[in-house]
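Working notes, beginning with the structure itself.
The values are calculated or read from the model by the stated rules, or taken from the named source; none is laboratory data. Given the structure is predicted, the values throughout are model-derived calculations rather than measurements. Glycine gets a Cβ as well: all are built from the backbone with ideal geometry, and neighbour counts include every protein chain shown. The accessibility values were calculated without ligands, DNA or RNA, using every heavy atom of the protein model including side chains. Shrake-Rupley method; radii C 1.70, N 1.55, O 1.52, S 1.80 Å.
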Amino acid sequence: MDVYLRCIEEDCQHRLSANSKSYVCPKCGGLLDVLYDFSFSDSEEVKRTFECRRLSNDPLDLSGVWRYRELIPFCDDSTKVVTMREGNTPVYDAPRCAEYTGLKRLYLKHQGLNPTGSFKDNGMTAGVTQARLMGSKIVACASTGNTSASMAAYAARAGMKAVIFIPDQQIAFGKLSQSLDYGALTLQIEGDFDEAMKMVKEITEESDVYLLNSINPFRLEGQKTIIIELLAQRGWKVPDRVVVPGGNLGNSSSFGKAIKELYDQRFIDKMPMVTIIQADRANPLYRTLIYQSPRLIPMQAHTLATAIKIGNPVSWKKAVRAMDWTRGWCDVVSEQEIADAKAIIGRDGIGCEPASATTVAGIKKLVQTKEIDEDEDVVAVLTGNLLKDPDYTVNYHQDSLFEMATYKNELIERKDKIQSTFANAPVKVKPDKSEILRLLSL
Ligand code: F0G
């Protein structure tokens, strides 16, 4: 199989070897794709192979990424694969979310049930495997918390050193605790994610350290399997729409590439629309589209959904391409809408971290504006686990979630309270049987 990197810019398309350590095109600075000379004579046969692997105990077949290896065939040495049985995430039907959004049915694919609790594991198994193929000993990333947790775990499995660059403020403790436990060198950069990203890019350009942010196209190859697995789980019945949160825009980029490749290789006969939802004060992609700007309009991002607090997303051009290919679109939701949608996802017994709830909030908005029809077959991708950011959830249910929480030195400034519309606060009670029975109305 011929594997190579190619610049995504139409007027460049410069080709590089798959083993090149470039993250962007050396000629024009454009983003790179991993490409293959695919030629499937019978896609149904390949689908059956995927299905049969579900009965196998081979570690590659047990992985919800490598099970689909014919569609990510960049690794020619299976002994190098670093896997933790990632993927394999369920698709739930979510009746309360459906009712809340105004849809007849709604399905949630819960990537938060991955080994480290987020969709990043789908990408990291691929990224760390490529690092190993290249002989790298040190890997690095900037992160709002999930990429770093995932990279730290996979690097530990591979016996590599992990260096992570995280913002010194507003990182959810669930995520920080993971990176510390998995032994990563954790650098808290004074500043936000965008500053951390800038630093890690400069450092990895000038050293042998291998960069594992989603600008690395091998990460995105792994994340393609979120779509592939979703379709396999649905017996290859293509949904009308897939809704995904937008932060650094790696996930939406990989969804677009997966859908286009599956369509071109005749695994599917229509493309689901990729709909990206951003927080309304962390919405650089949305603003860029609205102003029809040929360049990204970066911004200082604010949101309590810290995973997507990103103002200068690296993969924005690939995300635009995903929307172009699939006739998708991007929209925004408020902090209040995110918080309430998250509580409703919880009521379905599923739960997620705040960034994931942008999806259900966005669907509700788009049903209201009639962009989405109530009969549409919609899948929302929940990207992170509820336990990543318990503070947010507890504050919401205790009616003490504030939109702006700025922590500077000892000064804590709090503004704009979020209404706890669906609060379920804990009840304080004395250790007294009759009082408890009275509370239970028994
Ligand atoms: N949801 C969660 C839970 C995330 O952690 C992220 C990104 C996103 C959504 C957005 O995905 O960047 O592919 O558009 N988190 C990154 C991190 C940035 O560092 O963990 P995206």
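Where both partners of a DSSP beta bridge lie in the chain, what percent of those bridges are antiparallel, to the nearest 5?
Bridges in the chain that DSSP calls antiparallel: roughly 40 percent.
Just the number, please: carbon plus sulfur as a percent of the accessible area of segment 271-324, 1.4 Å probe, no ligands or DNA/RNA counted.
49
Given DSSP loops and a limit of at most 13 other Cβ atoms within 10 Å, what is the longest stretch of the chain that contains no such GluC sites (Glu not before Pro)? It would help to have the intermediate numbers written out before the result.
Numbers: sites that count: Glu10, Glu190, Glu206, Glu374, Glu410.
Value returned for the longest uninterrupted segment is 11-189.
Per residue of segment 319-334, in order, report the coupling 6.51 cos²θ - 1.76 cosθ + 1.60 (Karplus, θ = phi - 60°) as ³J(HN,Hα) in whole Hz, putting x for Gly and Pro.
Each residue's phi maps through the Karplus curve to give 5, 4, 4, 4, 5, 4, 4, 9, 6, x, 7, 10, 9, 10, 9, 7 Hz.
Which value in deg cm²/dmol, rounded to the nearest 500, describes the helix-derived mean residue ellipticity at 222 nm for the chain, given -39,500 (n - 2.57) per DSSP H run of n ≥ 4 and division by the residue count?
Using -39500 (n - 2.57) per qualifying helix, the result is -11000 deg cm²/dmol.
Report, in debye and to the nearest 20, how large the dipole of segment 348-395 comes out about its Cα centre when Lys and Arg carry +1 and Asp and Glu carry -1 on their Cβ.
Rounded to the nearest 20 debye, it is 220 debye.
Pick from Pro390, Pro217, Pro426: which is most flexible by mean-square fluctuation in a GNM of the chain where alpha carbon atoms under 10 Å apart are linked?
Among Pro390, Pro217, Pro426, the largest mean-square fluctuation in the Gaussian network model of the chain belongs to Pro426.
Pop out the ³J(HN,Hα) list for segment 100-112 in order, Karplus 6.51 cos²θ - 1.76 cosθ + 1.60 with θ = phi - 60°, rounded to Hz; leave Gly and Pro as x.
Coupling constants for segment 100-112: 4, 7, x, 8, 6, 9, 8, 10, 10, 9, 9, 5, x Hz.
All other residues with a Cβ under 9 Å from the Cβ of Lys388 taken together, and with Lys, Arg as +1 and Asp, Glu as -1, what is their net charge?
Neighbourhood net charge equals -1.
Under the definition of Cα pairs under 8 Å and six or more residues apart, what whole-number percent is the relative contact order of the chain?
Relative contact order of the chain: 15 percent.
How many angstrom lie between the Cα centre of segment 204-238 and the Cα centre of segment 363-401?
If you average the Cα positions of each part, the centres end up 23 Å apart.
Any chance you could run the full-extension gain for Lys27 through Lys417? It's 0.36 nm times the residue separation minus the Cα-Cα distance, nm to one decimal.
135.5 nm
If the reach is capped at under 18 angstrom between alpha carbons, list the lysines near Lys364, excluding any in the same chain fewer than eight residues apart.
Hits, sequence-local ones excluded: Lys104, Lys109, Lys342.
Tell me the angle of helix 193-205 to the major Cα principal axis of the chain, expressed in degrees between 0 and 90 and rounded to the nearest ten.
The answer is roughly 20 degrees.
Based on the Cβ-Cβ distance from Lys161 to Thr369, what FRET efficiency comes out when R0 is 41 Å, to the nearest 0.05?
Once the sixth-power term is evaluated, E becomes 0.25.
Which stretch or stretches of segment 132-170 have amide N atoms under 12 Å from the point lying 7 Å from Glu190's Cα along the Cα→Cβ direction?
Under cut-off, by backbone N: 168.
Which cross-chain or sequence-distant (5 or more) residues have an amide H under 5 Å from the amide H of Val332, H modelled 1.01 Å from N in plane?
Close amide H contacts, sequence-distant or interchain: Gln278.
Please identify, among Gln419, Gln292, Gln223, the residue showing maximal mean-square fluctuation in a Gaussian network model of the chain using a 10 angstrom Cα cutoff.
Gln292
Report, in debye and to the nearest 20, how large the dipole of segment 37-163 comes out about its Cα centre when Lys and Arg carry +1 and Asp and Glu carry -1 on their Cβ.
Value, rounded to 20: 520 debye.
Using alpha-carbon positions, what is the distance between the centroids of segment 72-118 and segment 15-65, in Å?
Segment 72-118 and segment 15-65 have Cα centres separated by 18 Å.
Give me the dipole magnitude in Debye, nearest 20, for segment 301-354 about the Cα centre, with unit charges on the beta carbon: positive for Lys and Arg, negative for Asp and Glu.
On the way: 7 positive and 7 negative charges, 70 e Å.
Around 340 debye, computed over segment 301-354.
What angle do you read, to the nearest 10 degrees and between 0 and 90, between the alpha-carbon axis of helix 358-368 and the longest principal axis of the chain?
It works out to around 80 degrees.
Among Ser334, Val360, Ala425, whose Cα projects farthest towards the positive end of the dipole of segment 318-441, with charges put on the beta-carbon of Lys, Arg (+1) and Asp, Glu (-1)?
So the residue we want is Ala425.
Among the lysines, select those whose C-alpha is under 22 Å from the C-alpha of Lys21, and discard any that sit fewer than 8 residues away in the same chain.
Lys80, Lys120, Lys137, Lys161, Lys198, Lys201, Lys224, Lys257, Lys317, Lys318
Quick one: net charge around Ala172, please, counting Lys, Arg +1 and Asp, Glu -1 for every other residue with C-beta under 15 Å from its C-beta.
Values: positive: Lys120, Lys175, Lys309, Lys342, Lys388; negative: Asp168, Asp181, Asp192, Glu353, Asp389, Asp391.
Charge balance in the 15 Å sphere: -1.
Loop-only trypsin sites (Lys or Arg not before Pro) in segment 325-373, please: DSSP not H, G, I, E or B, and at most 16 other Cβ atoms within 10 Å. Before the final figure, lay out each step's value.
Numbers: sites: Arg327, Lys342, Arg347, Lys364, Lys365, Lys370; in loops: Arg327, Lys370.
Sparse-neighbourhood loop trypsin sites (Lys or Arg not before Pro): Arg327, Lys370.
Starting from 0.36 nm per residue, how many nanometres of slack lie between Ser20 and Tyr291 once their C-alpha separation is accounted for?
Once the chain is fully extended between Ser20 and Tyr291, it gains 94.0 nm.
What is the sum of charges around Lys237, taking Lys and Arg as +1, Asp and Glu as -1, for the other residues whose C-beta is under 12 Å from the C-beta of Lys237?
-1
Most fluctuating residue of Ile259, Ile297, Ile345 in a GNM of the chain with Cα springs under 10 Å: which is it?
The residue that fluctuates most here is Ile297.
Taking amide H atoms as placed 1.01 Å from N in the peptide plane, list the residues 5 or more away in sequence, or in a different chain, whose amide H sits under 5 Å from that of Ala282.
His302
Put +1 on the Cβ of every Lys and Arg and -1 on every Asp and Glu Cβ in segment 116-233; which of Met199, Phe218, Ile164 then has its Cα farthest towards the positive end of the dipole?
The one lying farthest along the dipole's positive direction is Phe218.
Quote the relative contact order of segment 199-274 in percent (integer), defining contacts as alpha-carbon pairs under 8 Å separated by 6+ residues.
30
Can you work out the Karplus-derived ³J(HN,Hα) for every residue in segment 284-292? Use 6.51 cos²θ - 1.76 cosθ + 1.60 with θ = phi - 60°, whole Hz, and x for glycine or proline.
Ordered by residue, 3J(HN,Hα) equals x, 5, 4, 5, 4, 5, 4, 7, 6 Hz.
What angle, in degrees between 0 and 90 and rounded to the nearest 10, separates the Cα long axis of helix 250-264 from the longest principal axis of the Cα atoms of the chain?
50
Given Pro90, Val24, Leu133, which one lies farthest toward the positive end of the charge dipole of the chain, if we put +1 on the Cβ of every Lys and Arg and -1 on the Cβ of every Asp and Glu?
Pro90
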